[in-house]
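A.B. asks: The structure's right below; bear with me while I get my questions together.
The values are calculated or read from the model by the stated rules, or taken from the named source; none is laboratory data. Because the structure is a prediction, the values reported are computed rather than measured. Cβ sites come from the backbone with ideal geometry, for glycine too, and all protein chains shown count toward neighbours. Just the protein is used for accessible areas: all its heavy atoms, side chains included, with ligands, DNA and RNA removed. Shrake-Rupley method; radii C 1.70, N 1.55, O 1.52, S 1.80 Å.
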Amino acid sequence: SGSLDSAQNNVGVGAETLQGLTTGDSNTVMGAYSGFTLTTGQDNVIIGTDAGFYATTQNDLVLIGRSAGDAINDDGANGTVAVGEHSLSALTSGGKNVAVGYESAKGLTTGSFNTALGNQALGLGSNTASQNTAIGFQSGYDITSGGANTLVGSSSGFNLTTGSQNVAIGDTSLA
């Protein structure tokens, strides 16, 4: 477990939470193994089993849901917001992403500036995609490296993989 050298104003609730914390301040962490390796990161809200598990020095994370943001391990991901089970669960270093919904942006690893709202929005294929907005169930589901797409509606842009600068509005549009 961490030595809590000079850490202040932290709350850890749950088995093995904040085990590595040394000097990080103002973290609120709840759920078994959440924030497990956090050492110097600060101002984080991490709630849910395994949420933020590999985060160490990151700041300003909001990770809520089982395994939300659990692969984050680089300061490039500072400011990430992931709400929903497995949302942004593969993200390591991509920054300023917002994902809300079950498995939203689940496959995103290094992409930045994405917004995924809805269950499985920017779902499983979005590994390096950046600057996409996907709103609706499974919108942008297969995007791998495409960027600057705006997809609104259930399954809009579902099969889009590498395309960029597309606009799709409506159920299954550009699917």
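A.B. asks: Using θ = phi - 60° and the Karplus relation 6.51 cos²θ - 1.76 cosθ + 1.60, list the HN-Hα couplings for region 84-94 in order, rounded to whole Hz, with x at every Gly or Pro.
C.D. replies: x, 4, 6, 5, 6, 6, 9, 4, 10, 9, x
A.B. asks: OK, next. Which value, in Å² and to the nearest 10, is the accessible area of ASP50 when all protein chains are kept and the probe is 1.4 Å?
C.D. replies: Ignoring ligands and nucleic acids, ASP50 comes out at about 40 Å².
A.B. asks: Return the distance in nm (one decimal) between the two label points of a simple spin-label model at THR172 and ASN9, each offset 7 Å from Cα along Cα→Cβ.
C.D. replies: About 5.2 nm, to one decimal.
A.B. asks: Measure off, as a whole percent, the carbon and sulfur share of the 1.4 Å-probe accessible area of the chain, all protein chains present. Present the calculation step by step, with values, prior to reporting the outcome.
C.D. replies: Working: 3610 of 6910 Å².
C and S fraction of accessible area: 52 percent.
A.B. asks: Check which residues have an amide H placed less than 5 Å from VAL152's amide H, if you skip close sequence neighbours.
C.D. replies: Sorted by chain and number, the residues that satisfy this are ILE135, ALA168, ILE169, GLY170.
A.B. asks: Still on this structure, I have one more. Output wanted: per-residue J couplings in Hz (rounded whole) for region 136-145, from phi through Karplus 6.51 cos²θ - 1.76 cosθ + 1.60, θ = phi - 60°, x for Gly and Pro.
C.D. replies: 3J(HN,Hα) across region 136-145, in whole Hz: x, 3, 6, 5, x, 4, 9, 4, 10, 9.
A.B. asks: Mind jotting down the three principal axis lengths of region 127-175 based on Cα atoms? Whole angstrom, largest first.
C.D. replies: Computed over region 127-175, the largest-to-smallest principal extents equal 24, 15, 14 Å.
A.B. asks: Which ³J(HN,Hα) values, rounded to whole Hz and listed in residue order, are derived for region 156-171 from phi using the Karplus coefficients 6.51, -1.76 and 1.60 in 6.51 cos²θ - 1.76 cosθ + 1.60 with θ = phi - 60°, glycine and proline given as x?
C.D. replies: Along region 156-171, the couplings run 5, x, 3, 8, 5, 10, 10, x, 10, 6, 9, 10, 9, 10, x, 3 Hz.
A.B. asks: At 1.4 Å probe radius, can you tell me the per residue accessible area of region 10-131 in Å²? Don't skip to the answer; put the middle values down first.
C.D. replies: Values: 4230 Å² over 122 residues.
Value for region 10-131: 35 Å² per residue.
A.B. asks: I've got another one for you. Whose amide H sits under 5 Å from the amide H of ILE46, counting only residues 5 or more places off or on another chain, with H placed in the peptide plane?
C.D. replies: THR28, VAL29, MET30, LEU63
A.B. asks: Follow-up question, since we're still on this one. So between ASP43 and THR128, what do we pick up on full extension, going 0.36 nm a residue minus the alpha carbon distance?
C.D. replies: Working: separation 85, 0.36 × 85 = 30.60 nm, distance 2.64 nm.
Computed gain between ASP43 and THR128 is 28.0 nm.
A.B. asks: Just one of [x] 1.05; [y] 1.40; [z] 0.99 is Rg/Rh (Cα atoms, Kirkwood Rh) as worked out from the coordinates here. Which one is it?
C.D. replies: [x]
A.B. asks: While we're looking at this one, here's another question. Taking the solvent-accessible surface of protein heavy atoms with a 1.4 Å probe, what is the per residue accessible area of region 136-175 in Å²? Each step should come with its number before you reach the end.
C.D. replies: Details: 1800 Å² over 40 residues.
Dividing the accessible area of region 136-175 by its residue count gives 45 Å².
A.B. asks: Taking H as built 1.01 Å from N, whose amide H comes closer than 5 Å to the amide H of VAL100, not counting residues under 5 places away?
C.D. replies: It is VAL83, ALA116, LEU117, GLY118, by chain and number.
A.B. asks: Between region 1-54 and region 140-175, what's the alpha-carbon centroid distance in Å?
C.D. replies: About 36 Å separates the Cα centre of region 1-54 from the one of region 140-175.
A.B. asks: Separate question: Using heavy-atom solvent-accessible surface (probe 1.4 Å) with all chains present, what is the largest-first order of ILE46, ILE64? Don't jump to the answer; show the numbers that get you there.
C.D. replies: Details: ILE46 0, ILE64 60 Å².
Heavy-atom accessible area, descending, gives ILE64, ILE46.
A.B. asks: If you rank THR162, THR92 by how much accessible surface each has, with a 1.4 Å probe, what is the order from largest down? The partial results should precede the final answer.
C.D. replies: Working: THR162 90, THR92 40 Å².
The ranking, largest first, comes out as THR162, THR92.
A.B. asks: With Cβ to Cβ distances under 15 Å as the rule, what net charge do the other residues near ASP74 carry (K, R +1; D, E -1)? Walk me through the numbers on the way to the answer.
C.D. replies: Working: positive: LYS96; negative: ASP60, ASP70, ASP75.
Computed value for this residue: -2.
A.B. asks: Let me make sure I get this right: for region 60-135, a, b and c are the square roots of the gyration tensor eigenvalues over alpha carbons, sorted descending. Under 1.5 in a/c it's rounded, otherwise prolate if a/b > b/c, else oblate. Which is it? Let's see the in-between values first.
C.D. replies: Details: a/c = 1.44, a/b = 1.11, b/c = 1.30.
Rounded is the answer for region 60-135, as its axis ratio a/c remains below 1.5.
A.B. asks: If you put +1 on each Lys and Arg Cβ and -1 on each Asp and Glu Cβ, how big is the dipole of the chain around its Cα centre, in Debye rounded to 20? Write out the running numbers ahead of the final one.
C.D. replies: Numbers: 3 positive and 13 negative charges, 69 e Å.
Approximately 340 debye in magnitude.
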